[in-house]
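K.L.:
Dumping the structure here so I can ask a few things about it.
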Amino acid sequence: MFHSYAAIGDSFTEGVGDERPDGSVRGWADFVAMGLAIAAREPIGYANLAIRGRKLGPIIEEQLEAAIALKPELLSFNGGGNDMLRPRMDEQVTAERFRQAIHRIRDEGIHVLMLSGANPTEHLPLGKVFDARGARLTTALIDLADVPGVTFVDNFNDRGLRDIRYWSADKLHLNSLGHARVASNVLTAIGVPVPEEWGVAEVAAAPAGARSRNTAAYYREFVLPWIGRRLTGRSSGDGRTAKRATLEPLTPDAAH
């Protein structure tokens, strides 16, 4: 049982797509922390340093050592999704940086939760290109699952998670249902019960959603603004800070 948990990464780990009424985001890492607190039946420490838009390099440079300094028992690490969306990606360099980060965490005796991101490529323009990159990167890192103290959760190859029902309107980020399913995958991998009230099993058993179409409105609202940020060197995470920068207590009551 883990009593402290820190998460680093990009929008996937920050929780973009699972927006709350006050404008904040929740996401799978928050769900995992809730599951840990409920299972422990006592408060746990939880930090989330992830910031949307971050490529792998900045995640490692800005978040890794800060998370290690918190000395959590469990540290989740995901990155590379924003690298895959760029015109060019050096997969070997990306894989090696990922590998070094995993070993850096293990050198501190912290259990590593290594995740591949969910696969949105069936719904995106140029999806096949990004799918091939993601598959190659996941394959290049699969051997890390055999490292003692590392738990690998392969969301990229979770076929059910590709269903459009799990994705938000931009088709790039998971919605609440998708984040809950990723959290279910994580908790199952580390041997923690998935709270029944999340309804993950019921959603998975329901009929699949209809295949989506990328309309002109979709391109105007989501694709063109994304291209605009790339051309001007801006990021959706510019000016943002971690939503939970320290190990703050999370009680079982609050988790429920």
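K.L.:
Hydropathy first: keep DSSP H helices in the chain averaging at least 0.0 on Kyte-Doolittle, then drop any whose Cα extent along the axis falls short of 15 Å, and list what survives.
P.N.:
Membrane-span-like by this rule: 28-40, 127-141, 176-189.
K.L.:
Taking the Cα centre of each part, how many Å lie between region 239-254 and region 43-66?
P.N.:
Their Cα centres are 12 Å away from one another.
K.L.:
I need the trypsin sites (Lys or Arg not before Pro) found in region 1-84, filtered to DSSP loop residues with at most 11 other beta carbons within 10 Å of theirs.
P.N.:
Passing both the DSSP loop test and the Cβ count: ARG41.
K.L.:
Now for a different question. Provide the FRET efficiency to the nearest 0.05 for the HIS3-LEU231 pair, computing r from the beta carbons and using R0 = 45 Å. Before the final figure, lay out the partial values.
P.N.:
Values: r = 46 Å, r/R0 = 1.02.
The value I calculate is 0.50.
K.L.:
Can you give the accessible area of ASP238, probe radius 1.4 Å, in Å² rounded to 10?
P.N.:
90 Å²
K.L.:
Tell me the per residue accessible area of the chain using a 1.4 Å probe; a whole number in Å² is fine.
P.N.:
Using a 1.4 Å probe on heavy atoms only, each residue of the chain averages 47 Å².
K.L.:
Would you mind calculating the gained length between HIS103 and ALA169 on full extension (0.36 nm times residue separation, minus the Cα-Cα distance), in nm to one decimal?
P.N.:
20.1 nm
K.L.:
Then there is this: Compute the FRET efficiency between ARG213 and ARG159 as 1/(1 + (r/R0)^6), taking r as their Cβ-Cβ distance and R0 = 25 Å, and round to the nearest 0.05. Walk me through the intermediate numbers first.
P.N.:
On the way: r = 21 Å, r/R0 = 0.83.
With a Förster radius of 25 Å, E is 0.75.
K.L.:
Counting other Cβ atoms within 10 Å, keep those with at most 14, restrict to DSSP loop, and tell me which trypsin sites (Lys or Arg not before Pro) in region 196-233 are left.
P.N.:
ARG211, ARG213
K.L.:
Expressed as a rounded percentage, what relative contact order does the chain have, with Cα pairs under 8 Å and six or more residues apart?
P.N.:
Relative contact order for the chain comes out at 29 percent.
K.L.:
To continue, here is another question. Multiply the residue gap between ALA189 and ARG41 by 0.36 nm, knock off their C-alpha separation, and tell me the result in nm, one decimal place.
P.N.:
51.3 nm
K.L.:
Once you put a point 7 Å from the Cα of SER24 and another 7 Å from the Cα of GLU197, both along the Cβ direction, what distance in nm separates them?
P.N.:
The modelled label-to-label distance comes out at 1.8 nm.
K.L.:
Do any chymotrypsin sites (Phe, Trp or Tyr not before Pro) in region 134-174 lie in a DSSP loop with no more than 12 other beta carbon atoms within 10 Å, and if so, which?
P.N.:
none
K.L.:
Then there's this: Is the shape of region 178-256 best called rounded, prolate or oblate, per the rule: a/c under 1.5 gives rounded, else a/b larger than b/c gives prolate, else oblate, with a ≥ b ≥ c the square roots of the Cα gyration tensor eigenvalues?
P.N.:
Oblate shape, in that a/c is at least 1.5 and b/c is the bigger or equal ratio.
K.L.:
For the chain, what does -39500 (n - 2.57) per DSSP helix run (n ≥ 4), summed and divided by total residues, give at 222 nm, in deg cm²/dmol to the nearest 500? Don't jump to the answer; show the numbers that get you there.
P.N.:
Numbers: 10 runs with 91 residues, N = 256.
When only DSSP H runs of four or more count, the value is -10000 deg cm²/dmol.
K.L.:
List nothing, just return the count: lysine pairs in the chain, 8 or more apart or interchain, with Cα separation under 20 Å. Don't skip to the answer; put the middle values down first.
P.N.:
Details: LYS55/LYS171; LYS55/LYS243; LYS71/LYS243; LYS128/LYS171.
Eligible lysine pairs with Cα atoms under 20 Å apart amount to 4.
K.L.:
On to the next question. Hey, any idea what % of region 41-143's accessible area is carbon plus sulfur with a 1.4 Å probe?
P.N.:
C and S fraction of accessible area: 51 percent.
K.L.:
Of VAL200, TYR219, HIS179, which is farthest on the positive side of the dipole of region 133-219, counting Cα position, with +1 on Lys and Arg Cβ, -1 on Asp and Glu Cβ, and the Cα centre as origin?
P.N.:
With unit charges placed on the Cβ atoms, the residue in question is TYR219.
K.L.:
Using the reciprocal of the averaged 1/r over all distinct C-alpha pairs, how large is the Kirkwood radius of region 57-151 in Å?
P.N.:
Hydrodynamic radius (Kirkwood, Cα only) of region 57-151 equals 14.1 Å.
K.L.:
Further question on the same structure: Under 10 Å, Cα contacts only: if you run a Gaussian network model on the chain, which one of PRO207, PRO125, PRO195 comes out with the highest mean-square fluctuation?
P.N.:
PRO207
The values are calculated or read from the model by the stated rules, or taken from the named source; none is laboratory data. Keep in mind the model is a prediction, meaning the values are calculated, not measured. Glycine also receives a Cβ, built like all others from the backbone with ideal geometry; neighbour counts cover every protein chain displayed. Note: accessible area is taken over every heavy atom of the protein model, side chains too, but ligands, DNA and RNA are not part of it. Shrake-Rupley method; radii C 1.70, N 1.55, O 1.52, S 1.80 Å.
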